[in-house]
Amino acid sequence: MKRLFNCKNLVIIALSFIFLVMLFCNIFTAKLADDYNYHFSWVDDSRIDSIFDIFPSLAAHAERTNGRVVAHFFVQLFEMLPKMIFNVINSAFFVALIYLITRIASDKKLNSKLIFAVFGALWIFTPAFGQVYLWLDGACNYLWAALFGLIYLLPFIREFLYDKPVNKLWLKIAIVVYALPIGAFSENGSAAIIFISVVLQLLIKFYKHKKFTIWGILSVISACIGFLLMISAPGTSKNKGVALSLAAIRENFIISLNMLKSLEILLIAFLVFITIACFTKIKKEKLILSVLFAVGSLCANFIMVAAAYYPERSAIFSAILIIVAIAILFDHLFDCQYKVLGACVLSVLMLYTAYYLCIGINDIYHTGSQYKANESYIIECREEGITDVKVPMVLPQTKYSAGHGLMYLSTENPYNWPNTSMARYFEVDLITGFWK
């Protein structure tokens, strides 16, 4: 059994299976909500036709909406390209996220048990799954921010765990430059990544007794500049900031606390595994790294106390960081006397993953088919000269559908958003939803 789990072919099969699952889910995820807006320039509402149209649009976006120009660059880029290009890249990025987490968690060769465990944890416990992994606008803002943020942390993790510093000059320069957009990707996600990178460098200095590196310090400064540019954008302060009164802080703290409670199973798993780790022979650096990612998860959650609102999809960073912390400890279970416990946990996790995989894929397929049928009907009406179109509402049943928690259409006023955005995209006068 051990040889089977560590078989290179099984790893390839596991990653290929996950890629195909996500590709299917992406294909059956239609354009929704803000996807229609980002086909058009924030400057003059003209359709984005080239990459050069994106930059003035992003400047206007930062002025009017928010400063997440890095994420929305990718959104506007992919909105003007065939959807299949995004489907393939986004599916590959989800697989890359799993691969990256397993590489951080284990210093051994990749093994399928850890890959399946991470996939199961992401599938079951990520809040607003469809919004953050499948919805084009959401994936660029959340999945991509998490993936690119973990990539930025890799050099610091490798030096802390394995004493493998970055030696190549070109790579040091690349990391410093790369840190700028990482800091500007997401409010709470970037804040958590910057926090973890700072603590890792402090650990390398004072725990490993090495010198601070110029490139490491510059990369943090670069990331902080990106973060400040994002949060100081007029659109961010207008739409996402909150007046920090005592009442607002108290209310937002309770909201953040309840959001953290939604991850309670992950938090319990972390506490159980770290208790086991403390009484077994785990490498101290791995134990410290696990705790650091857990603290980073709390950081990503409670920084939202300063936000005007806390949508469920923003909790992805807390979920992913605590999953990284758990993966580090879970990998250790198979190296100590608790192998049986690890196998039991994996078996239960796979059982629930299989169930929710079927439920989720069914909902994605069902709702995606309805969305696409509505799109075809709108196009058919337009070609027949009908410009006042009514389409049936779609009601997703699970978090796996990207439309779950997003407004599809107003059934009362065709001049409300997102009716107007969808009508502009399909070049009709009015689109209204109705309940069957």
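Bear in mind that the values in this text are calculations on the coordinates, not laboratory data. Please read all numbers here as calculations on a predicted model, not as lab measurements. Positions of Cβ are generated from backbone atoms using ideal geometry, with glycine treated the same way; all protein chains shown enter the neighbour counts.
Greater than 21 Å separation of Cα atoms is the criterion. Which listed pairs, Lys108/Lys205; Lys172/Lys205; Lys83/Lys372, meet it? Long pairs (Cα-Cα over 21 Å): Lys108/Lys205.
How high is the FRET efficiency between Ile268 and Lys339 when r is their beta carbon distance and R₀ equals 35 Å, given to the nearest 0.05?
That pair, Ile268 with Lys339, gives E of 0.95.
For the chain, what is the mean residue ellipticity at 222 nm derived from helices alone (per DSSP H run of n ≥ 4: -39500 (n - 2.57); sum divided by total residues; nearest 500 deg cm²/dmol)?
Here the helix-only value at 222 nm equals -22500 deg cm²/dmol.
Report, in degrees rounded to the nearest 10, the 0 to 90 angle that the Cα long axis of helix 169-183 makes with the longest principal axis of the chain. The helix 169-183 is inclined about 50 degrees to the chain. Dipole magnitude for the chain: computed about the Cα centre from +1 point charges on Lys and Arg Cβ and -1 point charges on Asp and Glu Cβ, it is near 2460 debye. Within the same chain, lysines fewer than 8 places from Lys208 are excluded, and of the rest, those with a Cα less than 19 Å from its Cα are Lys164, Lys283, Lys284, Lys286.
The length gained on full extension between Ala373 and Thr275, counted as 0.36 nm times the residue separation minus their Cα-Cα distance, comes to 30.1 nm. Loop-located GluC sites (Glu not before Pro) across segment 323-399 with a Cβ neighbour count of 14 or fewer within 10 Å are Glu384, with loop assigned by DSSP.
Per residue, the average separation of C-alpha pairs within less than 8 Å and at least 6 apart gives the chain a relative contact order of 21 percent. Estimated at 0.36 nm per residue, the fully extended path between Ala247 and Lys168 surpasses their Cα-Cα distance by 23.4 nm. Would you mind checking segment 324-351 for residues with the amide N under 20 Å from a putative spin-label position 7 Å along Cα→C-beta of Arg103? 324-332, by backbone N distance to the label point.
If you take the Cα centroid of segment 60-118 and the Cα centroid of segment 315-372, the two points sit 18 Å apart.
Could you calculate the contour length gain from Ile217 to Tyr309, that is, 0.36 nm times the residue separation minus the distance between their Cα atoms, to one decimal place in nm? Numbers along the way, then the final one.
Numbers: separation 92, 0.36 × 92 = 33.12 nm, distance 3.22 nm.
Between Ile217 and Tyr309, full extension yields an extra 29.9 nm.
Compared with the dominant principal axis of the Cα atoms in the chain, helix 83-105 is inclined by about 20°.
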